[in-house]
Every structure is written in structure tokens, then in C-alpha cells.
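Written out below as C-alpha cells is the structure these notes cover.
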Amino acid sequence: MDAEANPRPTLVAVAARAGVSPSTASLAFSGAGPVSAATRARVLAAAEELGYAGPDPRAASLRRGRSGIVGVVFDDRLSRAFRDPVQRAMLDGVADELSPAGSALLLVTDAGDGPASVAVAPMDAVILVGCSPRVAESVALVRQRGVPVVAIEAPPLEGVHAIDLDNRGASRRLAEHVRSLGHERVAIVALPLDARERAAGGAPGTGRGIRALPDPAIGTVQVTMERAAGVRDVFPGAPGVVADGSFVESGEVAARVVLERSPATDRPTVIFAQSDLLAVGVIRAARELGLRVPEDLSVLGFDGVKLDGLAADDLTTMRQPAVEKGRAAARAALDLAAGEVPAPVGLVCEFHAGATAGPVPAAVPAL
């Protein structure tokens, strides 16, 4: 009864009160047509009197045939993804490009059948992040819908625009740096290989997901295997373990596996951590075991993120352009949504010498 007594105001009602046509009222709201300032003020005043908030954006989307939304798909739980400063910086870059273009950002799950799933969410284009084996599944879903796809650091996929980072070349440069310092015994603490393994591993740092790092030729995640391949270009057969996430706790547990299982004569004098967060964990574990960094153990990271409050160390690392990576992905998504063909993008990391890599020690102390 109340709904009938107080019907929802419409654009037609606003136009009637303002003494203009519905089309003029619509232009007054959109700001897209030749409407005088006085007429626009009269329409807005009428809308305020009637409690009219403006045209339904869903109707505008239907008229345009576009949603005005770009989806960003993660292959991990958002609670874990948002703990990673690289992912946050990348999202900042996406938002930096989408907002001025009038497009909205939608975080999307890559599985399930909810309203924000890849299968049904309204999107003009999709950006895939965290390229595990589930990428192929997500690509198949969105391509069936005719939605263009941008993938960040993914293997080559037909019909998908790639945003590439020189993960292998950057890791090779790190390895060449420590080889020039005389090191021969190295190990890798790697990023996860599969989102399914991360989920099965439980809370970060439990150690349940830790396993030996496979050969790059048979690996499953582009970023993990490319960074391992770069190290192995310089140190063939370098051993490694896969951590259960890009977290400080995960790096600490993985480093203990590497350091405690090795006798002093075989223990690595260098650990390549595939993220700065993992590197902080490696440093913590080393010091808890009585090893000095870099005098007894050199530690290298990857990403170049700000780690305020996590470590005072000036990490030796590769700085990646995380914000620009997000911007490039968003620009490509907007171009594809508009029917244009974006230019290829290949981003390059910058070496930061830092203070956590030093000359090979004369002797490795027992733990």
C-alpha cells in the first residue's frame, strides 16, 4: 500500500515538474547534450524535490551494449591476494587507468556460480592475474561469452592479450650477480605452483604445501618457473623448494627446510627467494639458526616492494614495475572493449644491489 501511495519517482515525472521533455531531462543528467545551465539547474531541482537519484545505470548499459565494467580475476582467495603488496600495487595501476575512462573495477572469482563469477558477471573485458593452470579454465569461460581477455604474466594463450614481465631475464641477472661474487652453492625458495595447492595448504607458513621445485620444462605456473629458469640458466640444476604462498611466514618455513636438511659442507651460500616477502622470511630463519646475512648466507628477493616494519635490511632484489603492469593491463582491456587492437607490452625489471648479497664465505658455520 505504501509503495502505491508513494511510487518511485521517474525521469518522466522529473521532466514534467521541470517543464521540459524527458529527452531534455535525460541530457541534463548525462551532461552529454546542448542543455543550458538554467535548464539543467531546473531539472536537478525538480529531481531533488521528487527524490529522484538519476537514470538507472543498468538501462544506460543496455542501450550502449556495454556494462562499463572491467573484471579482474584472481586465482587465489582475495584475503591472501591482498596481503601481497605487488598485487595491491598492480590493482592501483588498474584503477588509475579505469577511473578516468569512466569504467568500474570488479573483482571476480574464477570459479563458482555466484553473481560475481567469471561465468556470469557483467564485464566488457577481463584481466587475469595469478596465472596458474586455472587460467585456461577462466579463459575458456569468458571467451565463450565473447568477452576480451588480458592476462598478466601468462603463458601464450590463443586470443589473449599478454602483459609480459622479464621474469627469466631478471632472475638471470640476479644469479649472474652472485656468481660474480664467487658463489657456487645456491638454492631457490619458489612461489606456489598452483592455486589449488595454496588452498589445500591451509594458513600461510604451515609448511603443508612445501615440495621440491620441479624442472622448469614441466612446471605449471609461468612466473614461478620463469624465475627458476633464470637462476638455472646460470646455476644449472639449482635445487629449490616451493613455498605455500608469497608471505614472510612461508619464506621462514621454506628456508628452514633448505638450511636444516643440508650439512654445512653442502649448505647453500645463496638463497634466491622469488618474492621480497619470501626473502624477509628467509632472513628471519637464517638469523634464528645463527647465520649472518650476508656474511654467512646471501639472500636475494624479487619485486622491489616497500617492506616497512618487516625488515630493516636493504634487500638485494629486482624491482618490478607493478603499478605500470596494472596500468598496461587496464589500457589493453579498455582498447579491446572498444574493438581496438592494443600494442604488445613487455615490461622490464630494475636491479637493486642492496646489502643482503656478499662474497662467498670462506667457511659455512655449523648450525
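Computed quantities for the displayed model
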{"quantity": "Strands (runs of 3 or more DSSP E) wholly inside segment 314-367 that include at least 1 residues being farther than 25 Å from L91 by Cβ and of a type outside the set (A, V, I, L, M, F, W, C)", "calculated": "none"}
{"quantity": "A116 being buried (at least 20 other Cβ atoms within 10 Å of the Cβ), under 24 Å from A140 (Cβ atoms), hydrophobic (A, V, I, L, M, F, W, C) and modelled with pLDDT under 90", "calculated": "no"}
{"quantity": "Residues within segment 146-183 that are in contact with a strand residue (DSSP E or B) (Cβ under 9 Å, 6 or more places away or on another chain) and outside any helix (DSSP H, G or I), tallied", "calculated": "21"}
{"quantity": "Among the candidates P342, P294, residue that is more than 24 Å from the chain's Cα centre (by Cα) and over 19 Å from V223 (Cβ atoms)", "calculated": "P294"}
{"quantity": "Pick from segment 352-366, criterion over 12 Å from H177 (Cα atoms) and among the small types (G, A, S), ranking: surrounded by the most Cβ atoms within 10 Å (Cβ to Cβ)", "calculated": "A355"}
{"quantity": "Pick from segment 1-55, criterion in a helix (DSSP H, G or I), among the hydroxyl-bearing types (S, T, Y) and more than 21 Å from G102 (Cβ to Cβ), ranking: modelled with the highest pLDDT", "calculated": "T39"}
{"quantity": "Within segment 184-220, tally of residues that are among the hydrophobic types (A, V, I, L, M, F, W, C), at pLDDT 80 or above, in a loop (DSSP other than H, G, I, E, B) and under 21 Å from the mean Cα position of the chain (by Cα)", "calculated": "1"}
{"quantity": "Looking only at segment 280-303, and only at residues there that are of a type in the set (G, A, S) and more than 21 Å from G237 (Cα to Cα), the one that is surrounded by the most Cβ atoms within 10 Å (Cβ to Cβ)", "calculated": "G281"}
{"quantity": "Odd one out for E324 among (1) closer than 24 Å to D233 by Cβ; (2) within 19 Å of the chain's Cα centre (by Cα)", "calculated": "(1)"}
{"quantity": "Members of segment 75-91 that are touching a helix residue (DSSP H, G or I) at 6+ places or on another chain (Cβ under 8 Å) and loosely packed, with under 14 Cβ neighbours inside 10 Å", "calculated": "R77"}
{"quantity": "Set S246, S250: member being surrounded by 21 or more Cβ atoms within 10 Å (Cβ to Cβ), in contact (Cβ under 8 Å) with a residue 12 or more places away in the chain and assigned to a loop (DSSP other than H, G, I, E, B)", "calculated": "S246"}
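The values are calculated or read from the model by the stated rules, or taken from the named source; none is laboratory data. Only a predicted model underlies this, so the values are computations on that prediction, with no experimental measurement involved. Note: ideal-geometry Cβ built from the backbone for every residue, glycine included; neighbour counts use all protein chains shown.
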